Each structure stands twice: as C-alpha cells, then as structure tokens.
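First up is the structure itself, then whatever we jot down about it.
The values are calculated or read from the model by the stated rules, or taken from the named source; none is laboratory data. Only a predicted model underlies this, so the values are computations on that prediction, with no experimental measurement involved. We place every Cβ from the backbone using ideal geometry, glycine too, and count neighbours over all the protein chains shown.
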Amino acid sequence: MVAMYTARTSEIDEINEAVGEIKDQIDLNGLKKHSGGIIFCHNDYVLSGVVAALCEELPFPVIGMTSMAAADKNGYHLYDLMLTVLTSDEVSFEAGMTNAITPDNYANEVDVLYKEMRGRVDSDPTMIFTFMPLNRDVSGYEVTAAIDATCGGIPFWGSVTNNLDSNYETVQTICNGQNLRDGIVMMFVNGPVTPTFIVSSLPERNISNNRAVITKSKGAVIYEVNNMPTEEFLKNVGLILTKENLITTPLMVYYGDAAEPVALGVYTLFEDGSVLTGGDMPEGTSIAIGTIDKEGIYESTENGLRRIQAVTDRNGAVLLPCVTRYIMLSPELDGELKMVHDTLTDGVPYVMGYSGGEICPMHGADGKLANRFHNYTFCACVF
C-alpha cells in the first residue's frame, strides 16, 4: 500500500520559514520505510533557494517541476509550493535527472539515466513518474517515445514543465534540490502497486463526426490529409487556421492500437500548408477535428473527477490537467481548480498541478497499456 500526504507554503523569500511550514504539516518521523516526494511550484521558489533547502531537509528522493498553479484538499493558489509525499513499507522510490537535452542527445540521455537508475534497484519499476522540459527543439512526444523505447513499455506518467511566464522561459525540472531548464527527471516506483491512469479528453459533442486520413506526413508534421494539402483540407471542412485559433484546434488522433482517440494540438501552420502538431502523425492514421470551450473543459473535468471517485479504495491521486485549459477558462481562470477542490471532499489526499503536455498511459485495443503523449486533457494517476 502507498499512503499519500501533501503540504504547502506561500512563503518564497524566508527560506527557513517556508521549510518549517512544510515540515509542520507532514510528520517526517511518522513516514513508512520508503518515501518519495513530488514538488509543484512557481519558479520563484527555485530562484529563492526554497526548493534546494527543502530537499536538503527531506530524508527521501524528490522530483518536481514548475507549474502554473497547484491545489490540494486544503485549497489552491497560483503561487504556492506544493509537496506531495508518497510513502510505503513495500513500495520503494528512486529519483534521477539527465543532463540538459538537445535534439542530438535526448535519446541517449534518457537511456543513460534509465540504466543508471535501474542499476540501483533489484527489479524493473512498476511505474515511473517523469517530468520533462518545454524544449522548443525537442518535442514532448519525441521524449515520450524515447522513454518508452528505453524502459520497454513500463507505464510512465507525468508532464511537460510550465509556469506563469507566457513564453515558458522560466520553467524548471527539479531533482533532489537540483534544477535544470532542459533536464528530464524520473522517479522509479518499485513494488506491489497498481495505479489507475485516467485520461479525460474532449466530450463527444466537441469532436467532428467526419474522420479523415493522413496521407502524407513526417513525425509530427502533417503535409496532406485525404490526398490534399492539410491547409486546403481544413478549409474544405470550414476551418481557417489563424494565430488566434491554433490553440483552440485539437486534433483527435485515432491510432490503430488505441481504444480511444488521443487529443493533440496544432502548433504551427507553415507556408506550404502543412501543420506541426503535438504528436506522432503516421500516414494512414484517422483524425477528426475537435473544438475546446469552457463547457467542454468543465465537462471533461467532471468526467475525470467522477472516474477518480469511482476508485473506491484509493489512498491518493496526482492530477495534471493541461495548462491550456486554465488559459481558456479566462476570466474564470481558477474555475477548474475550484471544481476539483469542491468535488474531492471525501478527505482522501490529492494534489493537482498544471501540465504543459500530459504523459499518461492508455489502454489499447488489445487491453494493454500504451504510453501516450497528450494535449488538452485532464489526466490523473490514482493510488
């Protein structure tokens, strides 16, 4: 069994006070044999030294990332630091971080880190938590594919970093008090634990009934759909892409081995009419156009929360909805945070951060879990 505790502080400048607040909320002497920590925070906590000082005080491995906002059962706020502690007598935790990744080294960095961490434990991890950087030269789906190849399909769950900075230049990953703008962090979870992975994407009414087929693509770039340039295809179905509506145009991708579609974003419209998306777009794959709006966001949040509550024997949950959802709810920016806080009131611990790209396994058509990269979704890992 894995038990979960959370603690929070709003103190950025007074390091000792911040660390003291966290330690007052969690009895470190009362933890079980093994523990691991997860931090969500604003970048200021990294810059001020609070994160490093806190990790120095904690007698267990810690990973984390900067995030737009954080919440637990005691409340929610933009500027809080949130510490989650997972603790168990039977399940153990190990943490590590790569060097800064580049397009040339990211796959090797992932492989080296995984093998180094695997050498510390007696068996393969049951699952892995991972946080990866928002790197404009290496996409989240590429890193996800590299981790999947290295670990041989072991389920892993996590997020791309983000922050209040709209350009995301101040994002950080965190490992045992160290921070790195372009680092990938992992936490192994070894032992008898069966997490429930939840992905709540767009409601059916927000997805077009008309599917099309990718007929020319490379990686995340779609050149042709139904044998016509992507931009022309989109115009034919009534969608003219602009800088303003790119962020609100999800593509629902029906991978051949997936039981449900995966929501991925459109990032760039190129001059030749092709588009850069948030994930792998193999030729022959079916896609449909989606829309994202406030009603759909709240509906998917409600669905995700209902599925969390259906895990009746849960001891805790970690939630990572897409940060685009937070932005799209303007001016009710804290609407999703409030819904989570007002719904999960049964006393079971949870923590929520916002994600710059969600990493969550999904069941394939064969019933097996496959690691997937997502956009726009409400994701949860329930213990």
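A few points about this structure:
- Within the range 1-42, the residues that satisfy the criterion of being touching a Pro at 6+ places or on another chain (Cβ under 8 Å) and polar (S, T, N, Q) are Thr6, Ser35.
- Near pairs, Cβ below 9 angstrom, 6+ apart or cross-chain, from the range 40-51 (closer than 13 Å to Asp13 by Cβ) to any residue that is of a type in the set (D, E, K, R) and part of a helix (DSSP H, G or I): Val50/Asp44
- Considering residues of the range 315-363 that are over 18 Å from Thr6 (Cα atoms) and either of a type in the set (S, T, N, Q) or in the same structural domain as Val266 (by TED's automatic domain parsing) (or both) only, the residue surrounded by the most Cβ atoms within 10 Å (Cβ to Cβ): Ser355
- Strands (runs of 3 or more DSSP E) fully within the range 1-80 counting 3 or more residues that are surrounded by 15 or more Cβ atoms within 10 Å (Cβ to Cβ) and assigned by TED's automatic domain parsing to the domain that holds Gly335: 3-9, 34-41, 62-66, 70-72
- Entirely in the range 264-383, the helices (runs of 4 or more DSSP H) that have 2 or more residues that are of a type in the set (A, V, I, L, M) and closer than 15 Å to Ala71 by Cβ: 294-309, 335-343
- Members of the range 66-93 that are touching a Pro at 6+ places or on another chain (Cβ under 9 Å) and closer than 21 Å to Leu320 by Cβ: Asp72, Lys73, Thr84, Val91, Phe93
- Some residue of the range 83-104 being small (Gly, Ala, Ser), under 16 Å from the mean Cα position of the chain (by Cα) and buried (at least 22 other Cβ atoms within 10 Å of the Cβ): no
- Considering residues of the range 138-155 that are of a type in the set (Gly, Ala, Ser) and touching a helix residue (DSSP H, G or I) at 6+ places or on another chain (Cβ under 9 Å) only, the residue surrounded by the fewest Cβ atoms within 10 Å (Cβ to Cβ): Ala149
- Tallying residues that are within 12 Å of Ile289 (Cβ to Cβ) and touching a residue at least 60 places away in the same chain (Cβ under 8 Å) within the range 226-251 yields 2.
- Within the range 192-221, the set of residues being touching a residue at least 60 places away in the same chain (Cβ under 8 Å), under 30 Å from Asp111 (Cβ atoms) and either part of a strand (DSSP E or B) or touching a Ser or Thr at 6+ places or on another chain (Cβ under 6 Å) (or both) comprises Val193, Thr196, Phe197, Ile198, Val199, Ile214, Ser217, Ala220, Val221.
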